[in-house]
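The values are calculated or read from the model by the stated rules, or taken from the named source; none is laboratory data. Just so it is clear, the model here is predicted, and its values are computed rather than measured. Reconstructed Cβ throughout: ideal geometry from the backbone, glycine too, with neighbour counts over all protein chains shown.
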Amino acid sequence: MASLDSAYPPDEHLDPAVAEAYDDSVAERFSAEDVGPTVAVLTELAAGGSVVEFAVGTGRIALPLHAAGVDVQGIDFSEPMLAQLRSKPGAEAIKLSQGDMTSTQVCADASLVYLVFNTITNLRTQALQTACFANAAAHLAPGGRFVVENGVPKLHRLSPGETIIPFDVSPEHLGFEEYVDLVKQISVSHHYYIDGDRARTLAGVFRYVWPSELDLMAQLAGMELEHRWSNWRREPFTGDSPSHVSVWRKPVK
């Protein structure tokens, strides 16, 4: 039987061209309004200890977090994404490792491990997502925390027989989420970046996951839910929240 990954294109972040254009494609996520609250929460949760970012990417969060005085290490499986990060000022102060966030371990005494911007869904099976939680727990000292920022699946917005939901329609970008496999929880994010009379297309394959399912993964890894907010401004999480920031803690024995 073919593996799940063999049925879909490789993760787009392995493509040097995608890595080179990544910052521009998510430019709004680099704004002070987005980055500032994220860094503030992570700094507080780190409580003066060292932190590890899974899927560090081009350093959108790792660089300003280090600039705020936090000792940061980063793991990413995409060398092209790491190359973009290494080219930026301040990157030399962050210890970077190419590896898989399901198995690569760089320490065992971190006060915080974090995974932002829906990146848990880059892992396309439940087994891989569960392994990511176990790896996060292995990095943490007792009392340490694992933080995940992720969207809430929007299946409730689908009319009977439909599979596609638009999530961004603007003059520069069209984005559509296609739910292609409801059993394996696979979706494809279709992007059309428009520049005058030219358009660049991109499609990424993800495994969407529910907050309650992540709680069970955390429990299996020996962690307990401590906080769940709808965003980095710590607004309450409700049934209408489109996303969540969840914090699980490794108990102090």
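Quick notes on this structure:
- The requirement of being assigned to a loop (DSSP other than H, G, I, E, B), at pLDDT 95 or above, hydrophobic (A, V, I, L, M, F, W, C) and within 23 Å of V147 (Cβ to Cβ) is fulfilled nowhere in region 18-33; no residue meets it.
- Here D215 clears all of (1) assigned by TED's automatic domain parsing to the domain that holds W229; (2) out of contact with any strand residue (DSSP E or B) (no Cβ under 9 Å at 6 or more places or on another chain); (3) of a type outside the set (A, V, I, L, M) except the condition numbered (2).
- Complete set of residues in region 158-174 that are more than 14 Å from H190 (Cα to Cα) and either in contact with a Pro (Cβ under 9 Å, 6 or more places away or on another chain) or of a type in the set (F, W, Y) (or both): none
- Exclusive hit being surrounded by 13 or more Cβ atoms within 10 Å (Cβ to Cβ), among the small types (G, A, S) and within 17 Å of the chain's Cα centre (by Cα), set G57, G49: G57
- Cβ-Cβ distances below 9 Å connect the following pairs, each with a first residue in region 219-232 that is farther than 25 Å from V39 by Cα, a second residue that is polar (S, T, N, Q), and a separation of six or more residues or different chains: L220/T130; A221/T130; A221/N135.
- Selected residue (criterion: surrounded by the most Cβ atoms within 10 Å (Cβ to Cβ)) from residues of region 198-251 that are charged (D, E, K, R) and in a loop (DSSP other than H, G, I, E, B): K250
- Counting only strands (runs of 3 or more DSSP E) wholly contained in region 85-194, the ones carrying 1 or more residues that are surrounded by fewer than 18 Cβ atoms within 10 Å (Cβ to Cβ), under 21 Å from the mean Cα position of the chain (by Cα) and free of Cβ contacts under 8 Å to residues at least 40 places away in the same chain occupy 95-98, 164-169, 173-181.
- For region 64-75, the set of residues classified as free of Cβ contacts under 8 Å to residues at least 24 places away in the same chain and either in a helix (DSSP H, G or I) or within 18 Å of E12 (Cβ to Cβ) (or both) consists of A67 only.
- Among the residues of region 206-236, those identified as within 14 Å of A127 (Cα to Cα) and hydrophobic (A, V, I, L, M, F, W, C) are F206, V209, L214, L216, M217, A218, L220, A221.
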